[in-house]
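Each reported figure results from applying straightforward, stated rules to the coordinates on display, with no laboratory input. None of the values given here were measured: they were computed from a predicted structure. Ideal geometry is used to build each Cβ from the backbone, glycine not excepted, and the neighbour counts take in all protein chains shown.
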Amino acid sequence: MEKEEIVSRLTPVFRKVFADSTLVITDQLSALDVEKWDSLSHMLLIAEVENEFTIKFKLKDLNKMANVGDMIAIIESKL
Amino acid sequence: MNEYLIRKAEPEDIPFLADVVIASEKGMSDRLSFTTLFNKPEAEARELIIQMFEEEVDGCELSLSSFIVTEFEGKPISGSGAWIEGFNGNMPSGILKSNLISYTFGKESIAYLKTKSHIVKDLQIDREPMTLQLEYFHIKDEHLGKGLDAALMDRIEQNALAEYPALKKVQCQIFKNSVFSIKILLRHGFKIVKSYRSDNGDIFDYLPYNEKLLMEKVLKIN
C-alpha cells in the first residue's frame, strides 16, 4: 500500500478519535500537538488504527511511534 | 528502622507490585480502574498488570525500574513507584502506559473503555516533563506508623537526584478521598497546587472519587 493511501485512510480515523473534522495529519504530528491526544484517546486511536488496517501492533512498534510518520512506516511494514 | 531493607524492585517482586498497584489505585474505595474501565474481573486484571510489568518498559508507572520496595524479614512489605517524566528522551508516560494497556488488555477491553472514556476524561491530568512523578505508594498496614513513609520518600528523592541532579520538582496526582496519603504528602513538604473535578454522576461507579488533586513539592537544591 502506498503512503498516500495510508494517509488518506488514517486521516478520518484521527478526525474521528480526536473529534476534529479539520485535523490534518503530517509525519511530524505527535501527541504534543493535539490537545485531545491524551492517554485515554491514545488507546482508542491505536484500536481504531488496528481495525482500519486489520493489523495488530507489537508493543515494541507502539513504543517506537513518536509521531505519525513513525506510525505510517510501521503500518507500511505490516501491509 | 534497621530491620527494614529498602531496595530497587526486582523481577521476582512483580506479583507484589501488582498488589501495590491495586491497593494504591483503589485508595479508600473498592473501585479499581483496571476492572471498571476495561470490564475485567480483578483476578484477571491482576494477571494483566503482572504481564505489563514483565514487559519492562521504562519511564512510566507500570515500569519495574520505577519501583523501590521495602523488605521486612525477607518479604516485601511496601512498594513505591516514581519516575522522571520524559527522562532520556522517553515518550510521555501516559502514552507508554496506554501502549502497555492497549497491547495487553486486548480489543474488547479497549472497545469497552470507548463507551466509558467520557465519564473519566475530566480527571486526566498531564504530567510535567522532567519532574519526578510519584505514583503508587503502599505500605502494609502492620508497618504503618514506624517512619517508613518518610524514609521511602527520602530514598525516592535521593535516587531521582542521583540520576538527574537538576531535578526541581516532585509531583503526585491523588484522589481527594485518599486522606491518609494526602497527610503523608503534606507532612513531607508537598502542597496542593490544583484540583480537578468531574461532575459526571456516574464517576463513582468507575473511579475512587470525583476529584483529583495535583500535589507538588519543590526540591531544595543544595
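Averaged over its residues, how many other protein chain Cβ atoms are within 10 Å of peptide B:107-119's Cβ atoms?
Mean partner-chain Cβ count within 10 Å for B:107-119: 3.
Given Cα pairs under 8 Å that are at least 6 residues apart, what percent is the relative contact order of chain B?
After rounding, I find 23 percent.
Given the C-alpha centroids of the stretch B:191-218 and the stretch B:85-162, what is the distance between them in whole angstrom?
Cα centroid to Cα centroid, the span is 15 Å.
Any chance you could get the radius of gyration and Dmax over the Cα atoms of the stretch B:123-222, in Å?
So, for the stretch B:123-222, Rg and Dmax equal 14.7, 47 Å respectively.
Taking amide H positions as placed 1.01 Å from N in the peptide plane, with prolines and chain starts having none, which residues 5 or more places from B:LYS169, or on another chain, fall under 5 Å of its amide H?
It is B:LEU132, B:LEU219, by chain and number.
At a Cα cut-off below 17 Å, give the aspartates and glutamates reachable from A:LYS16, other chains included and same-chain residues fewer than 8 away excluded.
Within reach: A:ASP33, A:GLU35, A:ASP38, A:GLU48, A:GLU50, A:GLU52.
Are there DSSP H segments in chain A that both extend 20 Å or more along their axis (alpha-carbon positions) and score a mean Kyte-Doolittle hydropathy of at least 0.0? List them, or say none.
Result, helices passing both filters: A:39-53.
If you average over every viewing direction, what projected area does the convex hull of the Cα atoms of the stretch B:16-62 give, in nm²?
The Cα convex hull of the stretch B:16-62, projected and averaged over all directions, gives 3.3 nm².
Measure nothing but the geometry: give the 0 to 90° angle between the long axis through the Cα atoms of B:14-26 and the longest principal axis through the Cα atoms of chain B, rounded to 10°.
Value to nearest ten degrees: 70.
Quick check: the angle from helix B:148-163's long axis to the longest principal axis of chain B, C-alpha only, nearest 10 degrees?
90
What do you get for the angle between helix B:107-120 and the principal long axis of chain B? Use alpha-carbon atoms, 0 to 90 degrees, nearest ten.
The helix B:107-120 is inclined about 80 degrees to chain B.
P(r) for chain B: what percent of alpha-carbon pairs falls in each 5 Å bin, starting at zero?
For chain B, the binned pair fractions read 1, 7, 14, 19, 22, 19, 12, 5, 2, 0, 0 percent.
Let me check the size of chain A from its C-alpha atoms; what are the radius of gyration and Dmax in Å?
11.4, 31
So what's the protein assembly as shown giving for Cα Rg divided by 2.2 N^0.38 Å, two decimals?
Against the empirical 2.2 N^0.38 Å value, I get 1.02 for the protein assembly as shown.
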